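Accompanying notes for the structure given below.
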There are 2 protein chains.
Amino acid sequence: MSASASQDQRIAVIGLGSMGFGMATSLKKTGFAVTGCDVSTDAVARFVKDGGAGAKTPAEAAKDADVVVSVVVNAAQTEAVLFGKDGAAETMPKDSVFISSATMDPDVARRLAKQLEATGRHYLDAPISGGAQRAAQGELTILASGSAAAFSKARPALDAMAAKLYELGDAAGQGAAFKMINQLLAGVHIAAASEAIAFAAKQGLDISKVYEVITASAGNSWMFENRMPHVLDGDYTPRSAVEIFVKDLGIIQDMARTARFPVPVSAAALQMFLMTSAAGMGRDDDASVARMYAQVTGVKLPGDK
Amino acid sequence: MSASASQDQRIAVIGLGSMGFGMATSLKKTGFAVTGCDVSTDAVARFVKDGGAGAKTPAEAAKDADVVVSVVVNAAQTEAVLFGKDGAAETMPKDSVFISSATMDPDVARRLAKQLEATGRHYLDAPISGGAQRAAQGELTILASGSAAAFSKARPALDAMAAKLYELGDAAGQGAAFKMINQLLAGVHIAAASEAIAFAAKQGLDISKVYEVITASAGNSWMFENRMPHVLDGDYTPRSAVEIFVKDLGIIQDMARTARFPVPVSAAALQMFLMTSAAGMGRDDDASVARMYAQVTGVKLPGDK
């Protein structure tokens, strides 16, 4: 989509955390008129200082918007952004589109879409992956599903935000379901990587060497390769927090119970994230699961005093 | 190692299954005089037809050998090859080396090494990874540990068999321990991939699309990428059987219990391999774990009637 055509669309970005701020920035760079909104007035002020527009509420931001991009953390926040007091649905123009990026239960995505579509607006179920840096560069992966009208209205914004756009179906819920399958695997792989690296340390192995061997072997995973350097460095500054997987593996358990589908491996992984959160590390980096295993078992990892 | 120097060493390969046959073949190609031995007389006859020498027992194969490569499936078979009736230790020349490639508990590797070293021979703890094809091409990954003397004597053979040789310590047990950490992760990843793909099918998702999305996302693992095509093809011809992970995750549980180190994620994964074996698929491909999830939950996967 060329910048000139993009400039015809007005976009509201609700949620200016590390992901949302980056997405708002990449949309602005592409030539859209972007209004940012966040519960943090500091975040909004920072976006305005960067040349964007600011709004106090989703309703104010969504007024006259062609596209509303919601970048909040879960289903409850998404519902509040849309249908809560001063929510976007109060003001969104007819035929505009709401792009929802939060990871949530597909049933909830379907319900929110149905509720919004009944009012003459479109809903695109569009969970994202990729970190804050890729968000700012417009290089996210987006797992999207929704009506042809929703895709059509949202496409210029999607093109600006994504390096890779998957079109996964013609109704809300499909995007969410694909994202949940990814989260099931990602969560299990972080827990397994943590179990393995702490157990290796317990066995007296040099965990730097373990990292070298595993990343070149059949035991590798994207998460092992990405997260275990945090353990090697003893650095648990949150890039993605333990609580994210408490939430996402929790949604998996809810979906699986509803579907009468046993998921014992991800159930075990969830318990380890819960245990890490219970031990006070919920807001730390998700590689803290390794630290929890080590603390419980008296194993020394890098960074321990 | 040049072919001329290699030709000075005589090598016995005990165990001519898909891996051992390939390793014996790649050693022969490099210029070594190789004697093969297997409980299957057919396998030995096939190796002789290919230009190798054959022996009826490990003792007969190991007589006059500089290097004995053991390619059997577990610790019990390794012990039988070495110290059983007509075992290699009856005839191995002084200063020769036994290269053990089976995946086993590091404590057992240490015990076997100690017992052999007490008789004036060397022991190299050298678990392998890579399939039959890489074995035949001399392109295995070998995770080795042992004395300097064991490495020195074994090096020409290791160079012929391995594309990647990790030297992981100066005593038996370290190679085995690194291999077990790899197996912990590999086993969990197969179980998680199986849980995820069957759950995705239950959610009504197109599992070919799931494969495409996941292999490009943070939920990917080496095992997901390598094994899930078997599920997409409905082809459970064993490349690596379910029973391998019943064994290897079982060893992990034994090691962990001894070390008083809880490993709940791999414990859950083991149960799924056990359940798959219990359902009659123990000798099928390890991706059969996905088929087991599908059968239990009434989900249709490719290849189902």
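The values are calculated or read from the model by the stated rules, or taken from the named source; none is laboratory data. Small disclaimer: the values here were computed from a predicted structure and weren't measured. Quick reminder, even Gly has a Cβ in these numbers, built from the backbone with ideal geometry, and neighbours come from all protein chains shown.
Results, tabulated for the structure shown:
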quantity: So A:M180, is it assigned to a helix (DSSP H, G or I), at pLDDT 95 or above and facing another protein chain (nearest Cβ under 9 Å); calculated: yes
quantity: Test: A:R260 is away from every other protein chain (no Cβ under 12 Å), in a loop (DSSP other than H, G, I, E, B) and at pLDDT 95 or above; calculated: no
quantity: Some residue of region A:53-66 being in contact (Cβ under 8 Å) with a residue 12 or more places away in the chain and under 28 Å from B:Q203 (Cα atoms); calculated: no
quantity: Candidate set: region B:165-177, residues that are assigned to a helix (DSSP H, G or I) and within 9 Å of chain A (Cβ to nearest Cβ); chosen: the one farthest from B:A154 (Cα to Cα); calculated: B:A177
quantity: Test: residue in region A:150-164 that is buried (at least 21 other Cβ atoms within 10 Å of the Cβ), assigned to a strand (DSSP E or B) and touching a residue at least 24 places away in the same chain (Cβ under 8 Å); calculated: yes
quantity: Region A:87-103: number of residues that are more than 20 Å from A:S152 (Cβ to Cβ), touching an Asp or Glu at 6+ places or on another chain (Cβ under 9 Å) and either crowded, with 20+ Cβ neighbours inside 10 Å or modelled with pLDDT under 95 (or both); calculated: 1
quantity: Within region A:1-92, strands (runs of 3 or more DSSP E) holding 3 or more residues that are in contact with a helix residue (DSSP H, G or I) (Cβ under 6 Å, 6 or more places away or on another chain); calculated: A:10-14, A:33-37, A:67-70
quantity: Single residue of B:V213, B:V265 found to be in a helix (DSSP H, G or I), free of Cβ contacts under 8 Å to residues at least 12 places away in the same chain, at the interface with another protein chain (Cβ under 7 Å from one of its Cβ atoms) and buried (at least 21 other Cβ atoms within 10 Å of the Cβ); calculated: B:V213
quantity: Residue check for B:G130: buried (at least 19 other Cβ atoms within 10 Å of the Cβ), under 18 Å from B:I244 (Cβ atoms) and assigned by TED's automatic domain parsing to the domain that holds B:P58; calculated: yes
quantity: Residues of region A:100-118 satisfying the condition of being more than 20 Å from A:I181 (Cα to Cα) and not in a helix (DSSP H, G or I); calculated: A:A118
quantity: Residues of region B:183-208 classified as assigned to a helix (DSSP H, G or I), more than 7 Å from chain A (Cβ to nearest Cβ) and without any contact (Cβ under 8 Å) to a residue 40 or more places away in the chain, total; calculated: 1
